[in-house]
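Below: one structure, written as C-alpha cells.
The values are calculated or read from the model by the stated rules, or taken from the named source; none is laboratory data. Note that this is a predicted model, so its numbers are computed, not measured. We place every Cβ from the backbone using ideal geometry, glycine too, and count neighbours over all the protein chains shown. Only protein heavy atoms, including side chains, enter the accessible area calculation; ligands, DNA and RNA are left aside. Shrake-Rupley method; radii C 1.70, N 1.55, O 1.52, S 1.80 Å.
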Amino acid sequence: MKLEMLSKSENREIQNEIISKIRDLINYKNLEPGDKLPAERVLAEKFDVSRSNVRSALQKLEFYGILYSKPQSGTFIADIGQIAMNGMIEDILGLAEQDFKSLVETRILLELKIVKMAALRRTDEDLQRIKDALDAYKIKMVRAETCVEEDLLFHLAIASASKNSTMNALMLLITPEIIVAYEEDKVCEGDVALAQIRNHEDIYNAIRDQNPQLAKEKMKSHFTKLYDYIYGEDRKIANKG
C-alpha cells in the first residue's frame, strides 16, 4: 500500500477534484444505474492522479451510496436518479474543513469498539497480520523514518480482525486522511515516537491475550495524542466519559 505524502487539505482537494470528474464523466456519458465505471487504472490515467487517490474517491462515493462495488467485477452506479446523484455529490464536495474534527471523533468511537471485537474474534492469521504491521512500524520508528503506511496497516489489520465488514469499510474510508495529517504536523517524533511504539505493543498484547476491556483501555490511551491534536487545551473536557 502506498500513501501520497500530502497535507490533509491537499489530499481533500485532490479527492474532491476526482469526485467532480467522476460526476462529469457519469453525466457526459449519460451513464445509468447499474452501468459500470472504468477501472481504477483507467481513471487514474485519465485524471492524471494516483490509483490510491482514485480508490479513496470511489470509496467515499460508495460510502454515500452513489456507487457500489462487486468483487472481481468493478464499480457500478447505484440506483439513484441523476438529479439526486448530482445533489449528493455537491453535498459531499461542500463538506467543510472543520468536519475533520468530526472525522477524528468518529474514528475514536469506532476504533474503541473495533479493538474489543478484534480481541474476541481474532484468528491466529489475524494476529500474525497485526504483528507483522507492528514489527514494520517499530523498525521505521526506531530509524526515525516515515511510518505512515505501517501505522495505517496496523490499525486496518485490527479492523479486519473485528470481522465486521461495515466497521472495516468505515476504517478504510476515514483513517488514511487522519494518519497523513499526523505526518504533516509531526506529532510522532522523539520521545513521543517511543511512547507510540509502546502503545502499539500494548494494544497488540491485549488482542493476543483476547482481553477486550484491556484492549479498549490501551487503545484509549493511544488516542491521548489524537485528543491533544484536535482539542488542545480542551482535551480533558472532550475526553470525559
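Listed here are the residues, each with its yes/no results for (1) surrounded by fewer than 17 Cβ atoms within 10 Å (Cβ to Cβ); (2) over 14 Å from residue 201 (Cα atoms).
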site	(1), (2)
128	yes, no
134	no, no
141	no, no
145	yes, yes
148	no, yes
152	no, yes
161	no, yes
169	yes, yes
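Criterion first (basic (Lys, Arg), touching an Asp or Glu at 6+ places or on another chain (Cβ under 7 Å) and assigned to a helix (DSSP H, G or I)) does residue 140 satisfy it?
Values: basic (Lys, Arg): yes; touching an Asp or Glu at 6+ places or on another chain (Cβ under 7 Å): yes; assigned to a helix (DSSP H, G or I): yes.
Yes; evaluated as a whole, the condition is true for this residue.
So which residues in the stretch 84-104 are within 19 Å of residue 21 (Cβ to Cβ) and modelled with pLDDT of 85 or more? Don't jump to the end; show me each part of the working.
Within the stretch 84-104, the subset within 19 Å of residue 21 (Cβ to Cβ) is 85-95.
The answer is 85, 86, 87, 88, 89, 90.
Give me the residue from the stretch 61-97 that is assigned to a loop (DSSP other than H, G, I, E, B) and not small (Gly, Ala, Ser) and, out of that set, nearest to the chain's Cα centre (by Cα). Show your work before the answer.
Taking the stretch 61-97 as the starting set, the residues that turn out to be assigned to a loop (DSSP other than H, G, I, E, B) are 64-66, 71-73, 78-81, 94-97.
If we keep only those that are not small (Gly, Ala, Ser) too, we end up with 64, 66, 71-72, 79-80, 95, 97.
Values: 64: 15, 66: 19, 71: 20, 72: 22, 79: 26, 80: 26, 95: 17, 97: 17 Å.
Among them, the one singled out is 64.
Looking at (1) in a helix (DSSP H, G or I); (2) open to solvent by 20 Å² or more (accessible area, probe 1.4 Å); (3) modelled with pLDDT of 85 or more; (4) more than 28 Å from residue 60 (Cβ to Cβ), can you tell me which one residue 210 breaks?
Tallying (1) in a helix (DSSP H, G or I); (2) open to solvent by 20 Å² or more (accessible area, probe 1.4 Å); (3) modelled with pLDDT of 85 or more; (4) more than 28 Å from residue 60 (Cβ to Cβ), residue 210 fails exactly one: (1).
Has the stretch 72-84 got at least one residue that is of a type in the set (Gly, Ala, Ser), in contact with an Asp or Glu (Cβ under 9 Å, 6 or more places away or on another chain) and closer than 14 Å to residue 32 by Cα?
Yes, there is a match, as at least one residue in the stretch 72-84 is of a type in the set (Gly, Ala, Ser), in contact with an Asp or Glu (Cβ under 9 Å, 6 or more places away or on another chain) and closer than 14 Å to residue 32 by Cα.
Select, from 186, 218, the only residue that is at pLDDT 80 or above and either buried (at least 18 other Cβ atoms within 10 Å of the Cβ) or farther than 15 Å from residue 111 by Cα (or both).
On the way: 186 fails: at pLDDT 80 or above.
After applying the criteria, what remains is 218.
I'm told residue 70 meets every condition in (1) in contact with a helix residue (DSSP H, G or I) (Cβ under 9 Å, 6 or more places away or on another chain); (2) exposed (fewer than 15 other Cβ atoms within 10 Å of the Cβ); (3) of a type in the set (Lys, Arg) except one. Can you identify the failing condition by its number?
Of everything listed in (1) in contact with a helix residue (DSSP H, G or I) (Cβ under 9 Å, 6 or more places away or on another chain); (2) exposed (fewer than 15 other Cβ atoms within 10 Å of the Cβ); (3) of a type in the set (Lys, Arg), residue 70 misses just condition (1).
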